[in-house]
Structures are given as C-alpha cells and as structure tokens.
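**Student:** Sharing a structure below in structure tokens format, with a few things to ask.
Read-outs: derived from the displayed coordinates by stated rules, not from any lab. These figures come from a predicted structure and were not determined experimentally. Cβ coordinates were reconstructed from backbone atoms using ideal geometry, including for glycine residues, and neighbour counts include every protein chain displayed.
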Ligand code: SF4
Ligand code: F3S
C-alpha cells in the first residue's frame, strides 16, 4: 500500500484525493491517511502531492516507518474523503518543516 507521511501534517493539500480511483483516503483535522486494505497500489497519488508526503510502504524515507501503522489505525477511525478541498490556511508555511509529528491532531 501507499502511505501518507509526516509532511502532510498541517498542510493537507488534498490533491491526492482527487486522483485515487478507489477513494481510500480518510481525513483527520490536519492530516490524511490511506487505508492499507483498500489501496490498490496504482501510484497515481504519489506525484500529485505538492508536499511530497506520499510513498510506497516499500520506499519510505528513514524515520517514517511508523506511518505504516498510523495510516492503518487512523483509517479505521476517520471519515472517508473523496473530493479535493482547500489546503489548510498555513499549508505553504508548514510545507517542509521538520518535526511536525508533534502537531498531529486526532
Ligand atoms: Fe489511491 Fe492509488 Fe494512491 Fe493507493 S496508490 S491511495 S489506490 S491513488
Ligand atoms: Fe496530504 Fe499531500 Fe494529500 S499534503 S492531503 S498527502 S496531497
């Protein structure tokens, strides 16, 4: 499956949602996750993310491995999102900031 990682937090651009053929994104207050059992590994979402936050679970950057479990867990709790919406207000400011995991709202 593909996995949403840390740089989505406080950005939530949602471009990814508009291309997913199986609508397997789930939305929290400031982060999105992919349901690992629903993702068909089409890879369409990966290049769409302006924050480059989406990776195949086999190609996660070092230190982002814990997002595999987090995507699985939160996808069962959060509501589905199937249409693109506006990014969070300070998305540009937060894009690329280190250590955003502490700001994850759930
Ligand atoms: Fe959806 Fe394809 Fe991305 Fe999986 S890889 S989340 S199926 S767009
Ligand atoms: Fe997040 Fe990128 Fe989608 S910032 S909401 S994974 S387009």
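**Student:** Using C-alpha positions alone, give me the convex hull volume of segment 2-82 per residue in cubic angstrom.
**Tutor:** Each residue corresponds to 79 Å³ of Cα convex hull volume.
**Student:** Also, quick follow-up: For the chain, what's the relative contact order in percent, using C-alpha pairs closer than 8 Å and at least 6 residues apart?
**Tutor:** Over the chain, the number comes to 45 percent.
**Student:** Please order 5, 14 by the number of other Cβ within 10 Å, starting at the fewest.
**Tutor:** 14, 5
**Student:** What is the gain in length, in nm to one decimal, between residue 72 and residue 103 on full extension, counting 0.36 nm per residue of separation less the C-alpha to C-alpha distance?
**Tutor:** Once the chain is fully extended between residue 72 and residue 103, it gains 9.3 nm.
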